[in-house]
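Data first, discussion second: the structure below is written as C-alpha cells.
Each reported figure results from applying straightforward, stated rules to the coordinates on display, with no laboratory input. Since the structure is predicted, the reported quantities are computational estimates derived from the model, not experimental observations. All Cβ positions, even for glycine, are placed from backbone atoms using ideal geometry, and neighbour counts span all protein chains on display.
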Amino acid sequence: MEKWFNVGKIVNTHGIKGEIRVISKTDFADERYKPGNKIFIFSDDQGKQAPIEVTIASHRQHKNFDLLTFEGFYNVNEVEKFKNSLLKVPESFLGELEEGEYYFHEIIGCSVETTEGEELGKIKEILTPGANDVWVINGKNGKEILIPFIQDVVKNVDINSKKIIIDPMEGLL
C-alpha cells in the first residue's frame, strides 16, 4: 500500500480565476508546485473515494501562502469545493536528495543530543524562516529549544536510528 505525504492544506480560494490559497507543508515548495507536476487532493467529504489527481498549472507566492491553479479548473466555483482539503503526494513522488539534505518527515521525531551526550529532546516541527531551517525541540522541561540547521551546530544526522548530534553554540541552550 502506497504511503502518502502531506505537502499542504487548501485554506481558501484567491480571486475568481480558480486560484487556491495553500498553507504549504512541503520541504521544497518551488519544486513540488512546479507547473506540470501532479498532486492529489484529499477532502474530508470525499469519504472512501480515491483522491482527486490534478496537474499544477501555475504557482506563485503571496504573503505567507502558496497560490496554485490546476489544469481544467479555471474559476472560483470549480475550486470552492476544495477548501479545507489536504494536498498529498505518494512516496514514489519523493525525489532523491543530495547528501546532507533531508525531508521534514525524516527529521521530525528524531532525538537530539549534544556532543557531550546530554539529551535535549525530540524534534517536533521545522520552521523555514529564511536562510536556513530551524528545528524545534520539545525540551525536557517543556521549554522549546530552537536549533538552526547549519554546519557549525548540526554535527551528525542519522536518519536510520532517528538520532541527531549537535554542538550548541554559546547561548543556544
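3J(HN,Hα) along segment 142-159: x, 7, 6, 10, 9, 10, x, 7, 10, 4, 5, 9, 7, 9, 8, 10, 10, 5 Hz, from the Karplus curve 6.51 cos²θ - 1.76 cosθ + 1.60 with θ = phi - 60°, whole Hz, x for Gly and Pro.
Restricting attention to segment 1-136, lysine pairs at least eight places apart or on different chains and with alpha-carbon atoms under 17 angstrom apart total 23. Taking packing as the residue-averaged number of other Cβ atoms within 10 angstrom, the listed peptides 138-146, 32-40 run from highest to lowest as 32-40, 138-146. Each Cα pair under 8 Å and six or more residues apart adds its separation to the average, and for the chain the resulting relative contact order is 18 percent.
Working note: 222 nm ellipticity from helices only, DSSP H runs with n ≥ 4, each -39,500 (n - 2.57), summed and divided by the residues of the chain, gives -1000 deg cm²/dmol to the nearest 500.
Relative to the Cα centre, the charge distribution of segment 4-92, modelled as +1 at Lys and Arg Cβ and -1 at Asp and Glu Cβ, gives a dipole magnitude of about 160 debye. Each of L173, I123, G142 was scored by the projection of its Cα onto the charge dipole of segment 50-173, and the greatest displacement toward the positive side belongs to G142; charges sit on the C-beta of Lys, Arg, Asp and Glu. The ratio of the alpha-carbon radius of gyration of the chain to the globular-protein estimate 2.2 N^0.38 Å is 1.20.
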